[in-house]
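Everything on this sheet refers to the single structure shown next.
The values are calculated or read from the model by the stated rules, or taken from the named source; none is laboratory data. These numbers were taken from a predicted model, which means no experiment stands behind them. Cβ placement follows ideal geometry from the backbone for every residue including glycine, while neighbour counts extend to all protein chains displayed.
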Amino acid sequence: MMRKRLAVLTPALAGLLFLAACARSPEEARKPAEEPTPKPPAVEEKAPPPEVKKEAKETAKKEEPSPNVFKVRFDTSKGPFVVEVHRDWAPLGAARFEQLVKDGFYDGARFFRIVPNFVVQFGLAASPAMTRKWDKPIKDDPVTQTNRLGAITFATSGPNTRTTQLFINLRSNAMLDSQGFAPFGRVVEGMEVVEKLYPGYGEQPDQDLITRRGNKYLEENFPKLDYIKKATIL
């Protein structure tokens, strides 16, 4: 996958939000549109040993769905922020996000692209294997909420192409609503942390190389990027 560029977005003309997806073809861009500057027979049962019981309990807890409204805490290199997820806003998107968090997909992931006064973009895993694992597009949700300041939304490269990449709006981007970008939650704590994530590399990180090499590529070439230490459902 070659470097993905963002489509241009002006206040008068809403562009598509394109973010790189986990294993898409080189020609498919998955980045948010932006302003001109910058660019997952019966046998008797014997009582399992304590450790097996504990493991089974933890597995059941992991697979148990969260409430209709739940929160996810992101501990990052700049501090924590909390996202409140509303299933009724975008049911399919909320469910996919929950699965990804429970699988540890975002742990270690970099905020590889930040456009001031537009969006913070992330969602390519630290491990290429994890990125490949979740390259499973989901269908679109209807847009029921606007892309307001702090809203978190999946990126797409066209209809029914959402996988893992997300963006957080750094302002009101209502022009994206009509393009099918359906917010499933919003930042309710720590928006100031989101706003101070390192933006210095602009468009330089190559999303194809992130997909293929993961954090190794980013650590070698863009060491100042902020990152997610752990994402946890509260």
Considering only the range 50-88, how many residues are modelled with pLDDT under 95 and either part of a strand (DSSP E or B) or surrounded by 17 or more Cβ atoms within 10 Å (Cβ to Cβ) (or both)? 1
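What helices (runs of 4 or more DSSP H) lie completely within the range 89-196 and have 1 or more residues being under 12 Å from the mean Cα position of the chain (by Cα), at pLDDT 95 or above and under 23 Å from K230 (Cα atoms)?
Numbers: elements: 91-102, 128-133, 191-195.
By residue number, 91-102, 128-133.
Please tell me if I210 is more than 14 Å from the chain's Cα centre (by Cα), of a type in the set (V, I, T) and closer than 20 Å to S77 by Cβ. Full working, then the answer.
Values: more than 14 Å from the chain's Cα centre (by Cα): yes; of a type in the set (V, I, T): yes; closer than 20 Å to S77 by Cβ: yes.
Spelling it out, I210 is indeed more than 14 Å from the chain's Cα centre (by Cα), of a type in the set (V, I, T) and closer than 20 Å to S77 by Cβ.
Yes/no matrix, rows are residues, columns are (1) under 26 Å from V69 (Cα atoms); (2) touching a Phe, Trp or Tyr at 6+ places or on another chain (Cβ under 8 Å):
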{"residue": "R186", "(1), (2)": "yes, no"}
{"residue": "E189", "(1), (2)": "yes, yes"}
{"residue": "V194", "(1), (2)": "yes, yes"}
{"residue": "P199", "(1), (2)": "no, no"}
{"residue": "G202", "(1), (2)": "no, no"}
{"residue": "I210", "(1), (2)": "no, yes"}
{"residue": "R213", "(1), (2)": "no, no"}
{"residue": "E219", "(1), (2)": "no, no"}
{"residue": "D226", "(1), (2)": "no, yes"}
Find all pairs meeting these conditions: Cβ atoms under 6 angstrom apart; at least six residues apart or on different chains; first residue within the range 129-152 and surrounded by fewer than 15 Cβ atoms within 10 Å (Cβ to Cβ) and among the basic types (K, R); second residue at pLDDT below 95 and in a loop (DSSP other than H, G, I, E, B). R132/A23
